[in-house]
Every structure is written in structure tokens, then in C-alpha cells.
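To start, the structure under review is shown below, and the notes come after it.
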Amino acid sequence: MTKHWRPPVHFGLGGVAIGNGFHALSEAQAHDTLHAAWDAGIRYYDTSPFYGFGLSERRFGHFLHTQKRDAYTLSTKVGRIFTAGTPKPHPLWKDPSPFTYRYDYTADGVRRSIEDSLQRLGIERIDIVYVHDLSPENDEELGGWKQQFEVAAKGAFPALCKLRDEGVIKAWGLGVNRIEPIIDAARASDPDICLLATQYSLSNHAHTIRDLFPLLEQRGISIVVGAPFEAGFLAGKDRYDYGGDIPSEHAKRRSRMIELAREHGVDLRTAALQFAAAPSVVAAVIPGGRSPEQVTANAASMKTKIPSAFWDALRREQLIAADAPVPRA
């Protein structure tokens with residue numbers, strides 16, 4: 001088994017909210033949030049050109065370029081090329097930067113995307129590069145995700161392997177919202193670490209444990225868990241998996257989880273974060289945050305003790321899988 005590089009820190013900050021995901025942030029709000037994350041000891045930062053069409057990268061870079069580069073881990077993504085122009089309305093981004101994009105999973109596209117990201121970030125290197133949104137739920141916009149996967153297998157994947165082997169980046173993988181492309185990439189190439197959003201959480205995890213984790217453990221590939229709150233669902237927001245429609249069964253399960261958490265003196269947010277971090281294959285968990293209070297609370301949640309009786313109650317009521325790893329009390 002190849003032992004691939006993993007980030008030295010296990011808790012980070014995702015960059016969707018910093019890129020005006022769901023709600024617009026002022027420059028001052030974004031800076032204060034990043035400053036609070038740093039003061040809370042957070043040292044892994046994940047962003048993407050897609051987040052606010054460059055806005056997230058610029059905001060992260062504006063803050064991080066004043067810090068010592070060896071003091072933090074940074075990941076961003078490839079797969080889209082941005083050019084100046086009036087963007088089409090997008091349901092996720094509020095007041096994004098004035099750019100349009102096209103998909104490009106070729107080797108040349110990877111190199112251009114990384115160079116553009118370095119310019120926006122204003123820093124000298126990126127640690128982890130994720131191939132972004134090459135996934136079934138994006139099939140229509142991609143014009144066929146399987147076809148684009150073949151392009152990436154011949155272009156993006158070998159190019160990223162070469163950049164890693166040359167020491168330009170430390171690691172690469174996929175950044176997606178479904179497990180199928182990660183499975184395919186692990187079989188087709190040699191990724192180190194993958195970012196998986198919304199598919200490993202307190203409310204949605206059984207299929208990932210069964211169908212993905214054994215393969216990753218066999219190949220020495222690790223996972224970064226994105227959206228451990230299911231895009232806000234487990235933090236009490238009226239949305240699920242980046243959309244507004246909450247499946248009724250999940251709403252019922254959340255209600256019962258909240259009741260059990262209250263009975264055991266546990267904050268469900270804290271439980272969600274620690275649950276996502278528990279498997280050995282998980283290298284880091286990166287919830288988002290749009291305010292100093294949110295990022296400070298998330299960092300504190302990782303240091304809170306949760307009684308084992310709470311996890312026992314969730315298992316007993318089949319609210320989590322019987323084989324799901326849980327934190328040690």
C-alpha cells in the first residue's frame with residue numbers, strides 16, 4: 001500500500017461562505033472571520049476559483065499572504081477556467097466577481113488554473129489541488145461527467161501526478177459531492193487525498209463507509225470531509241445538500257438527534273463535527289464559516305468531550321450505522 005501525503009492539521013476552514021455562498025459578506029466581515037479562524041488555531045484552509053468566481057481565493061490570499069507560508073496548509077481546485085465577463089445568475093453565489101467560466105480538465109487547463117489561482121491568492125505555492133465537481137450531480141452542465149472524466153484521466157490526472165512528483169504541489173485528488181468519481185479516480189490514477197462534501201456526515205454516511213472507505217484504506221488515500229453539517233442542515237438551517245428541499249425522512253432523523261443530544265447535554269453541531277473526524281481514513285474536517293463567532297465555536301467543538309452514551313443512543317435507534325466510527329469519550 002502506498003502511503004500518500006496527508007495534511008499535518010486535522011481541522012480547517014472551508015471557503016464557500018468566504019466566497020459569498022448563500023449570503024454576501026463584506027470585505028471586513030470576511031477578514032474578521034479569517035482572522036478569528038487563525039486566532040482559534042485553524043491552519044488548514046480550502047478554497048476554489050468557483051467560490052464566488054474568484055472572490056474566495058482573493059479574500060483568503062489577502063489574509064494569508066501576511067502569514068508565514070510554512071505555518072498553514074492550503075488547498076484549491078482546478079477544472080474551470082475563468083475569464084472576465086458578466087456571470088449568469090447562480091443560486092449559490094451572492095454578488096460574485098464579474099467572471100464567466102468554462103470547464104477544462106486537460107493538462108493545459110490544470111496548469112493555467114493553478115497559475116490563475118496563484119495570482120488571485122498572491123502566495124507562492126498551493127499544497128493540495130482538487131479536481132473540482134467532476135461528478136454525477138453535475139452531469140448536465142458538464143455535458144456528460146463520464147466523458148469529462150476520460151478527459152481528466154488523460155489530462156488533469158497525469159499533469160497533477162507530475163506536479164506532485166516534481167514537488168510543485170504536495171498532493172492532489174478529487175473535490176466532489178459523490179463517491180463514484182473518487183472510486184473511479186482511485187482505480188484510474190494515483191490520487192493522494194480527496195475532498196468529499198455532504199457524503200460523510202452524521203445524517204448520511206452508511207454508503208460511504210461500505211463502498212468507499214475500504215478502497216481508500218487499501219490504496220492509502222485519505223479523505224477531507226467537506227460540508228460536515230450537510231451544508232447547514234445539521235446546524236439547524238433549512239437546507240440540505242446545498243439545496244432548499246429537505247427530505248422528510250432526514251428532517252425526522254434530525255429532530256430525533258436534536259432530542260437525544262439535548263438529553264445527553266450535547267450540541268448537535270459539536271457531534272456532527274466530531275463524528276465526521278472519527279474515521280482513520282479522514283485526514284481533516286473543514287466546515288465553513290461566515291462570522292468570527294461561527295469559526296470560534298467550530299474550533300471549540302473539536303475540544304469538547306461527548307459522552308459515549310450519546311453515541312450508544314444513536315446506534316440503538318439506528319440513527320447512525322452500527323459500524324460507524326465515533327469519537328472516544
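No value in this document is a laboratory result; all are computed from the given coordinates. Not measured: the values here are computed from a predicted model.
Things to note:
- Reach of Lys252 by Cα under 20 Å, taken over aspartates and glutamates that are not fewer than 8 positions away in the same chain: Glu230, Asp238, Asp241, Glu263, Asp267, Asp312, Glu317
- In summary, the lysines within cross-link reach of Lys68, defined as a Cα separation below 28 angstrom excluding same-chain residues under 8 places away, comprise Lys3, Lys77, Lys162, Lys170, Lys303.
- Taking 20 °C and 1.002 mPa s as conditions, the range 182-329 diffuses translationally at an estimated 136 µm²/s according to Stokes-Einstein applied to its Kirkwood radius (Cα pairs).
- Global dimensions of the chain from alpha-carbon coordinates: Rg and Dmax equal 18.8, 55 Å.
- The slack between Asp323 and Ile258, meaning 0.36 nm per residue of separation minus the straight C-alpha distance, is 21.3 nm.
- Helical content alone sets the calculated 222 nm signal of the chain at -11500 deg cm²/dmol, taking -39,500 (n - 2.57) per DSSP H segment of four or more residues and averaging over every residue.
- Mean Cα-pair separation over length for the range 169-241, i.e. relative contact order, pairs under 8 Å, 6 or more apart, %: 30
- Kirkwood Rh and Cα Rg combined as Rg over Rh, evaluated for the range 19-138: 0.96
- The chain: relative contact order in percent, alpha carbon pairs under 8 Å with at least 6 residues between: 20
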